[in-house]
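A.B. asks: The structure under discussion is supplied below as structure tokens; questions concerning it will follow.
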Amino acid sequence: MSKAIAVGEKHLILGFKAVGFEIVPLEDSSKLMQELVNLSTDPEIGLVLVTESIAGENPKAIEEFRQRCPAVLTIIPTHEGSKHISFQEMRKAAERSVGIDILGKDKT
């Protein structure tokens, strides 16, 4: 069975523990790269959720994880407000796949 992991500020990810996720609490984005490198070595991980506030400060760590690991990594918005990073990533992926921007411009 694949593991699901939530990474981010403890107060924002604690609820995921109740539905079976393992949590990796971080106080700031400076430790994100090291934590994602550690997670990328675990072949049982199938899903990683990273809070948008942490991911937005260290996009290189996200990119590095995706290159190293076949697990799905998704950036999740929080109640603190969204910067629409997830939508922008989805739009870029769709554009790479289809060849045109089918989702349109971000209206933020």
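Just so it is clear, none of the values below were taken in a lab; they were calculated from the coordinates. Just so it is clear, the model here is predicted, and its values are computed rather than measured. Neighbour counts are summed over all protein chains in view; Cβ atoms, including those assigned to glycine, are modelled from backbone coordinates with ideal geometry.
Residue-by-condition table, conditions (1) closer than 15 Å to Ala4 by Cα; (2) without any contact (Cβ under 8 Å) to a residue 40 or more places away in the chain; (3) crowded, with 17+ Cβ neighbours inside 10 Å:
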| site | (1), (2), (3) |
| --- | --- |
| Glu27 | no, yes, no |
| Val37 | no, yes, no |
| Asp42 | yes, yes, no |
| Leu47 | yes, no, no |
| Thr51 | yes, no, yes |
| Gly56 | no, yes, no |
| Arg68 | no, yes, no |
| Leu73 | yes, yes, yes |
| Pro77 | no, yes, no |
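A.B. asks: Moving on. Restricting the search to region 1-31, which residues are assigned to a helix (DSSP H, G or I) and over 13 Å from the mean Cα position of the chain (by Cα)?
C.D. replies: Correct list: Lys10, His11, Leu12, Leu14, Gly15, Phe16, Lys17, Ser30, Lys31.
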